[in-house]
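Below is one structure, written out as structure tokens, with a few remarks after it.
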Amino acid sequence: MKDWIRNALSIRQPRKPAPVGSLPAVGVFIVREGTKMLVTHPVSAELWDWLVLSGWRNMPVKADRRKSMLLPDGALKALIDATPAELNQTHARLLALAEPRD
């Protein structure tokens with residue numbers, strides 16, 4: 001009922017982005033606007049800074065049941081291997097390859 005009232009009165013507040021966390025550990029997910037990526041390799045501080053500026057954040061909860069898209073397994077490795085000039089293009093290509101999570 002509260003949800004309907006917020007929609008009807010147009011008083012819904014957009015969520016603020018999650019705070020920037022520390023470097024993600026290997027084996028955890030990071031998220032960006034409903035898209036998840038598994039951290040399969042150690043992330044450098046420079047790459048993490050770039051990912052944060054691109055909207056990526058540490059997963060705020062351990063067991064996230066929200067519907068989301070999942071990037072392919074080698075997504076992070078492709079970003080690590082990309083040159084700084086290729087990062088934006090590689091990132092856009094990987095986001096286009098995202099598939100719905102089961």
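Just so it is clear, none of the values below were taken in a lab; they were calculated from the coordinates. Since the model is a prediction, treat every value here as computed from it, not as a measurement. Cβ coordinates were reconstructed from backbone atoms using ideal geometry, including for glycine residues, and neighbour counts include every protein chain displayed.
If neighbour count is taken as other Cβ atoms inside 10 Å, put V61, V28 in order from fewest to most.
Going from sparsest to densest Cβ surroundings: V61, V28.
Would you work out if segment 1-61 is rounded, prolate or oblate? Take a ≥ b ≥ c from the square roots of the eigenvalues of the alpha-carbon gyration tensor; rounded if a/c is under 1.5, else prolate when a/b is larger than b/c, oblate otherwise.
prolate
Using modelled amide H (1.01 Å from N, peptide plane; none on Pro or chain starts), what sits under 5 Å from the amide H of L70, excluding residues fewer than 5 places away?
The list, which skips near neighbours in sequence, is K36, E99, R101.
Report, to the nearest 10°, how far helix 87-96 tilts away from the longest principal axis of the Cα atoms in the chain, using its own Cα long axis and a range of 0 to 90°.
50 degrees
I need the per residue convex hull volume for segment 53-95, using only the alpha carbons, in cubic angstrom as a whole number.
Output value, Cα hull per residue: 95 Å³.
Nearest 5 percent is fine: what portion of the DSSP beta bridges confined to the chain is antiparallel?
80 percent
For the chain, set up a GNM with springs between Cα atoms under 10 Å and report which of A78, A25, A92 has the largest fluctuation.
Maximum fluctuation in the GNM of the chain, among the listed residues, is at A92.
In what sequence do H41, H91 fall when counting other Cβ within 10 Å, fewest first?
By the 10 Å Cβ count, ascending: H41, H91.
Tell me, what is the percent relative contact order of the chain, built from C-alpha pairs under 8 Å that lie six or more residues apart?
Rounded, it is 25 percent for the chain.
Can you give the percent of C-alpha pairs in the chain whose distance is more than 20 Å?
43 percent
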